[in-house]
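Read through the structure below, which is laid out as C-alpha cells, and then see the notes.
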Amino acid sequence: MSRQPPLVIDNGTGYTKMGFAGNSEPSFVFPTVIATHQSASSGSASAASSGGRAPPPVAGKPSHLASKRGIEDLDFFIGDEAVANSKTYSLHYPIRHGQIENWDHMERFWEQSIFKYLRAEPEDHYVLLTEPPLNPPENRENTAEIMFESFNVQGLYIAVQAVLALAASWTSSKVAERTLTGVVIDSGDGVTHTIPVAEGYVIGSSIKHIPIAGRDITYFVQQLLRDRGETAAIPPEDQLRVAEKIKEDYTYVCQDIVKEFKKYDADPYKYFARFSGEHSVTGRVSGVPSSSTDLTPSHLLFAHRRAQNKFERFLANRIISVPQKYDLDVGYERFLAPEIFFNPEIYSSDFLTPLPEVVDTVIQTSPIDVRRGLYKNIVLSGGSTMFKDFGKRLQRDVKAIVDGRIAGSEERSGSLMKSSGVEVNVISHKRQRYAVWYGGSLMASTPEFYNVSHSRVDYEEYGPSLVRRFSVFGSAV
Amino acid sequence: MPAYHSAFNGDPSVRQVGNTAVLPINTKIRGPAPIAGDPSIPDIIEESLDLFRANCLFRNFEIKGPADRLLIYLILFISDCLTKLAPTPGKPSPGYQEATKLLSTLAVDTFALPGDAGFPLNSLYHPPASRQDADYFRSYLTQTRSELALRLCDRLYPAEQTLGPDGQPTGQLGPRATKPSKWWMAFQKRR
Amino acid sequence: MILLESHSVIIHDVLTDRFEKPSRADIQFVDYDNVRFHLSTPQSKAQVLLSMGIQCWPDLVKFGAREHLQQQYAGLLLGEAETEPEYNVSLLIDLEKLPATPEEQTELINQISLLKATAMSAPFLSAFAEQATLQANYKEPAGAQQMDLQPSEHKGELKVVRYREEEAIYIQASHDHVTIIFSTVFKEETDRVYGRVFLQEFVDARQLQSLQSAPQVTYSNREPPLEIRHIPGLKTGEDWGYVTFILFPRHFANPTKALSTINRIQLFRDYLHYHIKCSKAYMHSRMRYRVAEFLKILNRAKPEVAHAERKTASGRTFRTR
C-alpha cells in the first residue's frame with residue numbers, strides 16, 4: 001500500500017493553515033477559533049479566560065441511557081463556522097501569541113480539523129505541526145501527548161515556524177544554495193517577528209518583535225480615509241473591512257514618500273484609484289476595483305482571501321434588496337500604509353524603530369560568525385509582507401545601514417582596512433503568504449521526513465519527553 | 001531615515017536671524033527677501049510645499065540646520081492655512097478667489113516671532129539679536145507667507161482637466177475646482 | 001458535530017472556487033479508509049480532472065460500482081482506459097460547460113463531493129436490490145414441517161468489502177432484512193476499552209422508546225458473529241470487534257431513505273473511531289480540570305512561611321530578598 005501523505009497543520013494565532021504534504025497551498029485556511037456552547041452549568045467564559053478553567057460539562061448520572069448523557073463536548077464549531085455561529089455560541093481563541101493556551105479547546109479544535117475538514121483517519125497518517133520560536137518544552141510534550149494518545153497518529157514532527165519559512169524560500173530562484181541560515185521576517189495579522197536562524201537552530205536571544213503587523217496597517221488605512229472624510233459614505237460596520245480590502249488590493253511600497261507624492265500630483269489619473277463597495281447588510285460586498293485608472297493586475301496583488309470569498313458568496317446568495325452602492329477614492333494610503341513598517345513614527349507613538357533597523361540589530365546581536373550568512377538570506381513570510389516591492393525597499397534600507405557602518409569603520413581605521421563588503425539579500429517568493437505551511441508541506445513530502453519524525457513506537461518507548469529531543473531537518477540537504 | 005530635511009541646510013553663506021535661515025525666494029511680492037537667482041530651481045517655499053504632506057506624518061523632527069527651522073515654520077503655516085480653509089458646520093470651504101483673499105489676509109496678519117510669547121516652538125528658535133533684526137525678519141516672513149499662500153492656493157484648487165468625449169483627460173485645463181482638494185485637506189488634522 | 005458528513009469538504013470548496021474563476025490546481029488529498037484523491041488541471045485551467053483511488057476498488061467493482069458511478073456521473077466519468085494511472089476512477093469536469101443556474105451548479109458540486117460515498121454505496125444498493133428479489137420470491141413457510149428447509153436458500157451472496165487493510169464490511173441480504181457486519185481493529189488497548197463501552201452503549205441505546213425503529217445492533221468482541229464465522233482467515237484476537245447491523249426493509253423503503261442509510265452506515269467505522277477520540281479528548285479535559293483543582297488544593301495546603309524578623313547583634317534588621 002502506498003503511504004498516506006502526512007498532514008501538515010500550522011496553527012497560528014490568527015489563522016490555521018492545514019492540508020496534505022506535497023501540495024503547494026493549504027487546503028484550508030480559517031481562523032483559529034472555536035465556538036463552544038456554554039450552558040449555564042458549565043461556568044462562564046470569563047472564568048475560563050482568567051486562568052481558572054471552566055469545568056467541562058459533567059455527564060448526568062449514567063442511569064442507563066445515552067440520551068441522558070451530555071453531548072456538549074461535541075457541540076462546537078471551528079473556523080469560519082465558529083465565526084458564523086458566534087451569536088449563539090461563545091468564541092474562544094485557543095492560541096495566544098503563537099502558543100497554545102487552552103489545551104481543552106485545542107484538542108477539540110484538532111479533533112474537528114482532522115475529522116471534519118481533512119477527513120483523515122489520524123491513525124493512518126504522520127503529522128507535522130508547527131510551533132513558535134521559544135516554545136516551552138512542556139508545550140511540545142502536551143502536544144505530543146494529545147497527538148499520540150488521543151489521535152493515535154503514526155508519527156509526529158513538531159517544526160519551528162521560522163525554519164519552515166526558510167525552507168519555503170528555497171523555491172525562490174534567487175536562492176542558490178539551500179541553507180537553513182537566515183533571518184525570517186514573519187508578519188501576520190497581530191505581530192511581526194524577526195527571527196535569526198543558524199543551521200536550523202533559532203538564536204533565541206536575538207529574536208525581536210515588532211508590534212506592527214497587518215491589523216495595524218488596516219487601522220492606519222482607516223485612519224487616513226477618515227482624515228480625508230471618505231468614510232462618510234461607508235456604513236460604519238463596513239469601515240474596517242473596506243480598509244482591509246483597500247490594503248489588500250491597492251497598496252504597494254514606494255521607494256521615497258516625497259517623490260511618490262509628486263508623482264500623484266503630476267498624474268493623478270494614473271494613481272488615484274476608485275474603490276466601490278456595496279452595503280454589506282443589504283447586498284454583496286464587492287471588491288471589484290472599478291477605477292478609471294489603468295490599474296494593472298500587479299496592483300491587485302492580493303489574492304482574495306479564501307474565507308472572505310466564501311463570505312461574499314454567502315452574501316451573494318441572499319441578496320434581499322437593491323444594494324446601496326458607495327464609491328470612494330483611494331489615494332496616498334496606497335503607499336503610505338505599508339510605509340509604517342519603514343517609518344513607524346507616522347502611525348504609532350510608542351514604537352519608533354523602523355523595520356530595517358530592527359533587522360540590522362537582530363543580526364548584530366547574533367554570533368559574529370553567522371552574521372554574514374544572516375545578511376545574505378533575509379526571508380519574508382506571512383501575509384503582511386506581500387506588499388509589492390516590500391523586499392526591494394527592505395533590502396535597500398538594510399544595505400544602506402550596513403554600508404554606512406562599513407564606511408564608518410573604514411574611516412576610523414584610518415582607511416587602512418578595506419572591507420570586501422557585505423552581501424545583503426532579501427528574498428521574496430511567491431509562496432510567501434503561507435510560507436510556513438508550504439515549508440512544512442515541502443519537508444513532509446521528502447522521504448527523510450519519516451526518519452526525523454518521532455514515530456509511535458518511539459513514543460511508546462520513551463514517552464512524551466521524546467519530543468524534547470530536537471532533530472533538525474534538512475540540514476543534510 | 002525619519003522625516004525629510006531641507007536641502008538648504010548645508011549652505012553657510014545664508015544670513016541668519018537668531019538661528020533661523022533667511023533664504024532667497026522667488027516672488028513678485030515686494031519685501032526685503034533676497035531674490036533667488038534662478039527661478040527654475042525650487043526655493044524654500046516650493047520645498048516646504050513638497051515636503052509638507054510627508055513631514056506632517058512624522059511626529060518628531062530633528063532639526064539639522066537653520067534652513068530646517070524655516071522649513072518647519074512654513075510647514076506649520078501651511079497647516080494653519082488649511083485649518084482656515086476647512087469647512088466648519090454651517091460654512092462650507094471657500095472657493096478659489098475667496099480662499100486667496102482669506103489666506104493673503106492671514107499671511108499679513110500679525111504673528112508672533114521667535115522669542116515673543118505665543119510663538120509655538122520657542123525652545124528651538126533663538127530670538128533675533130536686535131530690534132532691527134526682528135523688524136527685518138518680520139517683514140521677510142510676511143513676504144514669504146504671502147507668496148506661500150498664493151502658491152498653496154494654486155495647489156489646493158487644481159484646475160480640473162477637461163475630459164474628452166471618451167472620458168479620458170485631454171490635457172487641457174478647465175476651470176479651477178470649486179473646493180480645496182481633499183488630497184490636501186486630509187492633512188490638516190495632523191501635527 | 002455528532003455525525004460525520006459524507007461529502008468531502010475539500011472537493012466542495014475547491015470546486016466552488018474554480019466554478020467561479022478557473023485557475024490551475026494540483027492538489028492531492030485523502031478521505032477516510034485509504035481513499036486518495038487527486039484534483040488537477042492537466043490540460044487547461046478549464047478542465048478539472050478529479051481522480052479517486054480506493055483500496056477496495058476490486059471489491060466494489062464486483063458489486064457494480066462502475067455502473068453505479070456511470071449512472072450518477074453521466075458525462076463526467078472517464079472510461080477505464082482514460083482513468084489516471086494509479087487511480088481507479090476519474091471525473092473530468094469542463095468548467096466551460098457548466099450548468100447555467102447557480103442552483104444547478106451547487107447541485108453538481110454537492111454531487112461530485114459525494115464521489116467516495118457514491119462509489120462505496122454500490123454494494124449496499126445491490127444488497128438492497130437483492131433483498132427485494134428474495135422477498136418477492138419468498139413464500140411464507142406453510143408450517144413447522146418446512147422449517148428444515150435450508151436457511152441459505154433465502155440468503156443472498158455474502159458480499160465482502162475490504163475497505164481497509166485488515167478491516168472489512170460484510171453485507172448479506174436475506175428475504176426480510178439485510179445484515180451488515182463491520183469488523184474493526186483497535187490498535188491500542190485504551191481504544192479497545194473505550195470502543196467496547198461505546199459499542200455497548202450503542203446497543204443499549206436502542207432500548208430507548210424513541211429509538212425503537214433504529215436498526216438492530218449487536219456487538220461482539222473477539223468472536224465473529226455466526227453469519228460470517230465460516231469465512232476463513234477471520235481475526236479473533238483481543239483487539240477485534242464485530243458490529244452487526246440488521247437493516248429491515250423500512251430502512252431503505254424509498255431511495256432517499258436508502259441513500260441516507262447507506263451514507264450513515266458506510267461511515268460507521270470512522271464514526272466509531274472519531275467518537276473514541278472525542279471521548280478521550282473529553283476524558284483529558286476532565287483530567288486537566290481535576291489536576292487544576294488538585295493543584296489549587298495543594299496550593300492552599302502550603303504552610304505560610306513564618307516571617308520572623310531576624311536581627312543582628314547591633315539590632316539592625318535583615319531584609320530578605
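The values are calculated or read from the model by the stated rules, or taken from the named source; none is laboratory data. What you see is a predicted model; the values in this text were computed from it and never measured. Neighbour counts run over all protein chains shown; Cβ positions are idealised from the backbone, glycine included.
Structural remarks
- Qualifying residue in segment C:55-69 (condition: touching a Pro at 6+ places or on another chain (Cβ under 7 Å) and of a type in the set (Phe, Trp, Tyr)): yes
- Failed item in (1) more than 29 Å from C:Ala253 (Cα to Cα); (2) surrounded by fewer than 18 Cβ atoms within 10 Å (Cβ to Cβ); (3) away from every other protein chain (no Cβ under 14 Å); (4) in contact with a strand residue (DSSP E or B) (Cβ under 6 Å, 6 or more places away or on another chain), with C:Gln70 passing the rest: (1)
- Top-ranked residue in segment A:12-27 [being at pLDDT 90 or above and in a strand (DSSP E or B); ranked as nearest to the other protein chains (Cβ to nearest Cβ)]: A:Phe20
- Selection count, segment C:213-247, where residues are part of a loop (DSSP other than H, G, I, E, B) and either within 13 Å of another protein chain (Cβ to nearest Cβ) or hydroxyl-bearing (Ser, Thr, Tyr) (or both): 4
- Of the residues in segment A:428-438, none is loosely packed, with under 13 Cβ neighbours inside 10 Å and within 18 Å of A:Pro356 (Cα to Cα).
- At least 2 residues being among the basic types (Lys, Arg) is the threshold, and among the helices (runs of 4 or more DSSP H) wholly inside segment A:365-477 those reaching it are A:368-376, A:390-412.
- Selected residue (criterion: nearest to the chain's Cα centre (by Cα)) from residues of segment C:186-197 that are crowded, with 18+ Cβ neighbours inside 10 Å and either more than 10 Å from chain A (Cβ to nearest Cβ) or polar (S, T, N, Q) (or both): C:Gly195
- Verdict on B:Leu51 being touching a strand residue (DSSP E or B) at 6+ places or on another chain (Cβ under 7 Å), part of a helix (DSSP H, G or I) and modelled with pLDDT of 70 or more: no
- Of A:Ile185, A:Ile210, all but one fail to be modelled with pLDDT of 90 or more, of a type outside the set (Lys, Arg) and within 23 Å of A:Ser366 (Cα to Cα); the exception is A:Ile185.
- Failed item, numbered, when A:Leu129 is tested on (1) farther than 22 Å from A:Glu101 by Cα; (2) within 17 Å of the chain's Cα centre (by Cα): (1)
- Filtered by the rule that a residue be outside any strand (DSSP E or B) and either within 11 Å of another protein chain (Cβ to nearest Cβ) or touching a strand residue (DSSP E or B) at 6+ places or on another chain (Cβ under 7 Å) (or both), segment C:18-27 gives C:Arg18, C:Phe19, C:Glu20, C:Lys21, C:Ser23, C:Arg24, C:Ala25.
- Of the set (1) on the phi < 0 side of the Ramachandran plot; (2) within 14 Å of chain B (Cβ to nearest Cβ); (3) surrounded by fewer than 18 Cβ atoms within 10 Å (Cβ to Cβ); (4) modelled with pLDDT under 75, all apply to A:Lys310 but (2).
- Of the listed requirements (1) modelled with pLDDT of 75 or more; (2) among the acidic types (Asp, Glu); (3) surrounded by fewer than 17 Cβ atoms within 10 Å (Cβ to Cβ); (4) closer than 20 Å to A:Tyr250 by Cα, A:Asp327 misses just one: (1).
Yes or no, residue by residue, for (1) over 22 Å from C:Tyr163 (Cβ atoms); (2) part of a helix (DSSP H, G or I):
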| residue | (1), (2) |
| --- | --- |
| C:Leu92 | yes, no |
| C:Glu96 | yes, yes |
| C:Ile112 | no, yes |
| C:Thr118 | no, yes |
| C:Ser121 | no, yes |
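- Residue within segment A:95-105 that is within 13 Å of chain C (Cβ to nearest Cβ), under 16 Å from the mean Cα position of the chain (by Cα) and outside any loop (DSSP other than H, G, I, E, B) present: yes
- Across segment C:28-49, the qualifying residues are those that are more than 14 Å from chain A (Cβ to nearest Cβ) and of a type outside the set (Val, Ile, Thr), and the one among them that is surrounded by the most Cβ atoms within 10 Å (Cβ to Cβ) is C:Leu49.
- Top-ranked residue of segment C:129-153 - restricted to ones that are of a type outside the set (A, V, I, L, M, F, W, C) and at pLDDT 60 or above, ranked as surrounded by the fewest Cβ atoms within 10 Å (Cβ to Cβ): C:Lys139
- Residues located in segment C:256-306, provided they are in contact with a helix residue (DSSP H, G or I) (Cβ under 9 Å, 6 or more places away or on another chain) and not in a helix (DSSP H, G or I): C:Leu267
- Any hit, segment C:118-129, residues being touching a Pro at 6+ places or on another chain (Cβ under 9 Å) and hydrophobic (A, V, I, L, M, F, W, C): yes
So that you can scan it fast, the table gives a plain yes or no per residue for (1) assigned to a loop (DSSP other than H, G, I, E, B); (2) closer than 28 Å to A:His209 by Cα; (3) out of contact with any Leu (no Cβ under 7 Å at 6 or more places or on another chain); (4) modelled with pLDDT under 85:
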residue: A:Lys61; (1), (2), (3), (4): yes, no, yes, yes
residue: A:Glu81; (1), (2), (3), (4): no, no, yes, no
residue: A:Thr88; (1), (2), (3), (4): yes, no, yes, yes
residue: A:Phe115; (1), (2), (3), (4): no, no, no, no
residue: A:Ala120; (1), (2), (3), (4): yes, no, no, no
residue: A:Arg140; (1), (2), (3), (4): no, yes, yes, no
residue: A:Glu145; (1), (2), (3), (4): no, no, yes, no
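- All positions within segment A:122-137 that are acidic (Asp, Glu) and part of a helix (DSSP H, G or I): A:Glu123, A:Asp124
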